[in-house]
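Undergrad: Sharing a structure here in structure tokens format.
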Amino acid sequence: MVAEVGIDGRVALVTGAARGIGAAVAAALAEAGAVVAAVDVDEDGLRSVTEDGRITPFAADVRDPAAVARVVEDVEQRLGPIGVGVSVAGILRPGAVCDTSDEDWADTFAVNATGVFTVLREMARRMRPRGSGSLVTVGSNAAGVPRSGMAAYAASKAAATMLSRCLGLELAGSGVRCNIVSPGSTDTAMQRLLWTDENGPAQVIAGNPEQFRAGIPLGRIADPADIADAVLFLASDRARHITMQNLYVDGGATLRA
């Protein structure tokens, strides 16, 4: 059954793999038979994700192009040619535009946009001459719908989304596919940062008219595994004729506006 997915035996690199969605993606790929390289700046977090031996840890900061180049080279030398690349690493600095500092804006784009660019570029340069590969960017539904207090995050995710689609167009002739998975509210440390009390989940599901925010029609907040399942599909051979697409996994929260 694993072999039918088209993941078994492939080398997969996942950034932001120390926790949350990234950790769930790494686990799902390993379960499907991939040889997984988990990349994160958080070495302690990586140890907990890779302790069962199925996933190999690699410490690197996606804000550093030289570090990204080194880790991709290291992964290919130790594990083999990368066939699946998933860019998950991201940060959130909530705040209204007028209250956002230059540092918060720059840091957000350094990880969420430029970091994605650097990671995808490095892997694409290797996949293109080999004539195969799948790249998946984990974006956000905030990239398509305005969110109060999240301008830096939303803008950086919008940049990463269009970057991924443009790269998909450029690589299509070589057989390399590029897609995006855009989660909505997902039960991670980043999501919990936005909650002010124990009613946080219920408030997210119900929505907030004062913030012009719709609720979640399916009536639940996503688990990281829900996002990982979507990534696994797009990375697999079952999605072999899908590229440049953006799959929203948000319980209908954006009404796909």
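The values are calculated or read from the model by the stated rules, or taken from the named source; none is laboratory data. Everything quoted here is computed from the prediction, not taken from an experiment. All Cβ positions, glycine included, derive from the backbone under ideal geometry; neighbour counts span all protein chains shown.
Undergrad: Give the stretch 80-108 a look and list any residue that's surrounded by fewer than 18 Cβ atoms within 10 Å (Cβ to Cβ), on the phi < 0 side of the Ramachandran plot and not in a loop (DSSP other than H, G, I, E, B), or say none.
TA: V97, C98, D99, D102, E103, D104, W105, A106, D107
Undergrad: Does A18 qualify as being crowded, with 24+ Cβ neighbours inside 10 Å, part of a loop (DSSP other than H, G, I, E, B) and without any contact (Cβ under 8 Å) to a residue 40 or more places away in the chain?
TA: Considered against the rule, which asks whether it is crowded, with 24+ Cβ neighbours inside 10 Å, part of a loop (DSSP other than H, G, I, E, B) and without any contact (Cβ under 8 Å) to a residue 40 or more places away in the chain, A18 comes out as yes.
Undergrad: Among the listed residues V25, V11, identify the single one that is under 21 Å from T118 (Cα atoms) and surrounded by 24 or more Cβ atoms within 10 Å (Cβ to Cβ).
TA: V25
Undergrad: Which residue pairs have Cβ atoms under 8 Å apart, sit 6 or more places apart or on different chains, and have a first residue in the stretch 65-78 that is under 24 Å from F109 (Cα atoms) and a second that is surrounded by 14 or more Cβ atoms within 10 Å (Cβ to Cβ) and aromatic (F, W, Y)?
TA: V71/F58
Undergrad: Could you please let me know if L46 is out of contact with any Leu (no Cβ under 8 Å at 6 or more places or on another chain), part of a strand (DSSP E or B) and not charged (D, E, K, R)?
TA: No.
Undergrad: Now, a different point. Do you know which residues across the stretch 106-155 are touching a residue at least 60 places away in the same chain (Cβ under 8 Å) and farther than 21 Å from D229 by Cα?
TA: Result: G115, V119, M123, G144, V145, P146, R147, S148, G149, Y153.
Undergrad: When you scan the stretch 147-257 for helices (runs of 4 or more DSSP H) that lie fully inside it, which ones turn up with 2 or more residues that are more than 25 Å from F109 (Cα to Cα) and at pLDDT 95 or above?
TA: In the stretch 147-257, 224-235 are the helices (runs of 4 or more DSSP H) which contain 2 or more residues that are more than 25 Å from F109 (Cα to Cα) and at pLDDT 95 or above.
Undergrad: Could you grab me the full set of residues in the stretch 209-257 that are more than 18 Å from T137 (Cα to Cα) and of a type in the set (F, W, Y)?
TA: Once the filter is applied, which keeps residues that are more than 18 Å from T137 (Cα to Cα) and of a type in the set (F, W, Y), the stretch 209-257 yields only F212.
Undergrad: Which of the following residues is farther than 17 Å from D237 by Cα, touching a residue at least 60 places away in the same chain (Cβ under 8 Å) and β-branched (V, I, T): V88, V84?
TA: V88
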